[in-house]
Structures are given as structure tokens and as C-alpha cells.
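Heads up: the structure comes next, in C-alpha cells.
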Amino acid sequence: MRIYCDWPGVIEAWDLIGSTQIQGRASLGGNLCNASPAGDSVPAMVAAGMTANIAGPDGRRTLPVEEVTAGPGKTNLKKGEFIVSFNLPAKPSNGGDAYLRLIPRTEMDIAVVGCGVALTLDDSGTVTSAKVSLGAVAATVSSGRRCCKSNYWNETRTRGNVCSGCSMSGCMQTNRR
């Protein structure tokens, strides 16, 4: 499927949800509606700009994924509503994404922090759009709306500097271990 090539970070995050047994019974919507700040799928979905299609007694509506959760264990779904499906936008030309999490052990652990990133570059290597979303550092996923815009991205930029210059509301830059 093309989604594996276009959005590998989103797929990576989805594949980290629970064990094989859980993945056989659970859904992506259930992971989002669990509303855990450390949910692996959420930062990647937010960075990618995904939306959720919601149905309920009052009809259908669409919400950006970042607006579904209201806090730990709480959602903005109305009584009787549920998530029917998700929309994943087309991958931008010269765009890419990634997901990485920090966990204390090697498997089956809750993330200390999860980071979803979606970047688009122009032909000269200038970042024309970027979104960085962090999970497990606040009550809901924290994301930068205009992160690192128009900064030249090359090998001299290190992973540790990805947040420098970001305008992330609620971005907690800590040295958690």
C-alpha cells in the first residue's frame, strides 16, 4: 500500500500500539479515545495533520486529531459519538515524516516522550513547513504550529536542536531520563 511509503512515521507509531494480541482486537480510534498523554499513535497523527470522522446522534462531524483529546482519559466527543474513520492528507511533494519514542525498556513500555515530525522541503533544502508533536510531556499532545519555518535543514543541524526556534505552545524542553 502507498501509505507505507508516504507516511512511514505514522505507520511506525501505529505499529507500536500494544502487543500483537492487542493489535488483533483494538483499533486506532480506541487508542486515540483512550486519551493517554503517552499514546504512541497520537503525536505522529497530529504531525501528519490527520482528522477524525465522528458519528453520533446529532449527525457527523470532522475534528483534527489534536482536538479529540481534552486531557488524560477525557475526549471532546459528545455523548453517543464515536470515531468512524480517519483522514490522512496526501503526502506533500518533498515531504516526509518520522516518529520516535523514548522508553525505559526495550519493549512493551509506556513512552517517556514520543515525537512525531512532518517536514516539507523546497528544492534547495529549505524547510517550507514543519510540524513537531510531542506526547507524554503534557496533558495532551503538544505541537508546534510554525516550527523552524524557512530554516535550512542539513547535516549540521543535530537532533538535539530540532526544537530551537520553535514556537511550540506547551513545549517542555527537559532532560528527562
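Hey, with R₀ at 41 Å, roughly what FRET efficiency would Lys78 and Asp15 work out to, going by the Cβ-Cβ distance, to 0.05?
The value I calculate is 0.85.
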Cβ-based net charge around Leu77, under 15 Å, with every Lys or Arg adding one and every Asp or Glu removing one: +1
Relative packing of peptides 43-49, 30-36, 58-64, 19-25 - highest average C-beta neighbours within 10 Å first: 43-49, 30-36, 58-64, 19-25
Given a Förster distance of 22 Å, report the FRET efficiency between Thr126 and Arg61 from their Cβ-Cβ distance, rounded to the nearest 0.05. 0.05
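Taken together, the values in this text are just the output of simple stated rules run on the coordinates, not laboratory data. Note that the coordinates shown come from a computational prediction; the quantities given were computed from them, not determined experimentally. Note: ideal-geometry Cβ built from the backbone for every residue, glycine included; neighbour counts use all protein chains shown.
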